[in-house]
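The values are calculated or read from the model by the stated rules, or taken from the named source; none is laboratory data. Since we're looking at a predicted model, the values are computed, not measured. Neighbour counts are summed over all protein chains in view; Cβ atoms, including those assigned to glycine, are modelled from backbone coordinates with ideal geometry. Protein only, heavy atoms only, side chains kept; ligands, DNA and RNA dropped before computing areas. Shrake-Rupley method; radii C 1.70, N 1.55, O 1.52, S 1.80 Å.
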Amino acid sequence: MRFRTVLTRAVAVGAAALLAVTALTACGGDDTDAADNPYGLLQPGVIRAGTLTDAPPNVFLKDGKFTGFDNELLRAVAGKVGLKVEFVGTDFSALLSQVNSGKFDVGSSSITITEARKKTVDFGNGYDFGYFGLDVPAGSALTGFDQLAGKRVVVVQGTVQDDYATRQNLDPVRVPDYNSAINQLKAGTADAWIAPAEIGDKSAADSNGKIKVAAKQLSPTPTAFAVAKGNDKLREALNKGLDEVIADGTWTRLQAEYYPGRPVPADFKPGSGSVAAPAPSAAS
């Protein structure tokens, strides 16, 4: 009996020791994973970014490459904190939920910060300002946003332009992407499209005279990159990288490249506001 008791105690002690070693090993693995992937990315060292394919000059595909102001800025920001970027196309209406569900690490698509969107994702510091553009078919008599009551107004679903049209009680026609909005104007099935102004300008210029810009107005809030709720480490890293590309002139260069001639409002301060953006060079 005494022998059995001693044996039982020995087995119990051995099992406890084995569990302790296993626990220590597991903890060590967690520490290693955290060190290799401090920002909780889907792939260590690489930001998987959801973006759009059809919204120049902000985000678009050119020769099979994702580019545009927002995407080139994200590449530069990521480089400052030692990360690469892999872009994947999606619809804007799904983008924020896909970021928060973990399909993407970051949303990059000229995303205006709103209180409603803050319930789904967290935002970094603002990196750009924006205007609303009012695009209409050539020959339209519309000249302002105050003339849209009772008109068939198209917006891309889930955008800040959708929010604006809804607040104005316009009962907008919602479409999944910018090409769908453009096609409705060209076909004459919509009276107007409320668009990000730069995208509206480019669409009108590329329409062979079928679309014109009727009016513009300044958007009240900035655009920013979106991350999943609670991913503070990634958000803070993007904020740090953004301030660095503002300070070294990259932000200014990209502004001049993608929005030539567009003045920056005097009261707009990109990033944290603690660093000044160099003025454009004469060559820009």
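Laid out as a table, the results:
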{"quantity": "Low-density loop cleavage sites - chymotrypsin sites (Phe, Trp or Tyr not before Pro) in the stretch 210-284, where at most 15 other Cβ are within 10 Å (DSSP)", "calculated": "Phe268"}
{"quantity": "20 °C / 1.002 mPa s Stokes-Einstein diffusion coefficient of the stretch 143-254, Kirkwood radius on C-alpha pairs, µm²/s", "calculated": "132"}
{"quantity": "The stretch 22-168 - accessible surface per residue (Å², probe 1.4 Å)", "calculated": "43"}
{"quantity": "Probe 1.4 Å - accessible area at Ser272, Å² to nearest ten", "calculated": "60"}
{"quantity": "Estimated Rh, the stretch 63-107: Kirkwood, alpha-carbon pairs, angstrom", "calculated": "11.5"}
{"quantity": "Gap separating the Cα centres of the stretch 96-133 and the stretch 193-269, nearest whole Å", "calculated": "13"}
{"quantity": "Directionally averaged shadow of the stretch 39-178, computed from the convex hull of its alpha-carbon atoms, nm²", "calculated": "9.6"}
{"quantity": "Number of Lys pairs (Cα under 30 Å; 8 or more positions apart or on different chains) in the stretch 76-160", "calculated": "8"}
{"quantity": "Zone residues, the stretch 184-214, relative to Gln168, backbone N less than 11 Å from point 7 Å out along Cα-to-Cβ", "calculated": "192-195"}
{"quantity": "Mean shadow area of the chain, taken as a quarter of the surface of its Cα convex hull (nm²)", "calculated": "21.0"}
{"quantity": "Helical contribution to [θ] at 222 nm, DSSP H n ≥ 4, -39,500 (n - 2.57), averaged over the chain, rounded to 500", "calculated": "-12500 deg cm²/dmol"}
{"quantity": "Beta bridge orientation in the stretch 28-148: antiparallel %, DSSP, nearest 5", "calculated": "45"}
{"quantity": "In the stretch 188-284, the trypsin sites (Lys or Arg not before Pro) that fall in loop regions by DSSP, at most 15 other Cβ within 10 Å", "calculated": "Lys229"}
